Amino acid sequence: MLEILRAVIQLISLATGVVMAANGQIPAPVVKEKIMVVEVTPTSSPTLYPTPTTTRKNIIKVVKKDIPTPPSVESLTQKVNSYRSNLKLNPLKNRNDICQSANKRLGELASSFNHDGFQAAIAPLGASAWAENIWRGDTFSLDKIISDWDASQGHKQNLIGNWELGCGAENGHEAVYIFIR
């Protein structure tokens, strides 16, 4: 059985280019997950109806990602602050509740790409002023998002506005940034 497992791992390695390290660690993009396996234990004499036993085992599942993972929320915030810094504007500080609202809004954008849910998302934040930039595109890059916002008068006004706090979120297809004062 161990020889069969080694042979399967070798085949996976040849097919995907993923090699298991000597210490048994498997580099990304291979993921280990637990699944149910039905095993039949051989008996000394043939059995008409073998009794299967159910066990949990770590089975290697190869996941190959063709598109890069988009940058993190922190990177979007860094890009907005870099844009503001180039214009000699103050950096925007993150706050957990704003980031949670940005992530919630990002989830809403997948099904309804508009600003309709924004008021409800920021209501609990207790802000005196607020704004939201949203973005959707097929070609994802933080530079593209900032460039598109910069080219739009309303979005640019939000980028350069008199804000103190902000947080953004993106998923590789949509992005949202919330500005708060």
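Here are the numbers for the structure shown:
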quantity: Order of exposure, largest accessible area first, which applies to 97, 138, 143 with probe 1.4 Å; calculated: 138, 143, 97
quantity: FRET efficiency, residue 97 to residue 136 (Cβ-Cβ, R0 30 Å, nearest 0.05); calculated: 0.75
quantity: Under-5 Å amide H pairs with residue 93, H placed in peptide plane, nonlocal only; calculated: 165, 166
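The values are calculated or read from the model by the stated rules, or taken from the named source; none is laboratory data. Everything numeric in this text was worked out from a predicted model, so none of it was measured. Methodologically, a virtual Cβ is constructed for each residue, glycine included, from the backbone with ideal geometry; neighbour enumeration extends over all protein chains shown. For accessibility, only protein heavy atoms count, side chains too; no ligands or nucleic acids. Shrake-Rupley method; radii C 1.70, N 1.55, O 1.52, S 1.80 Å.
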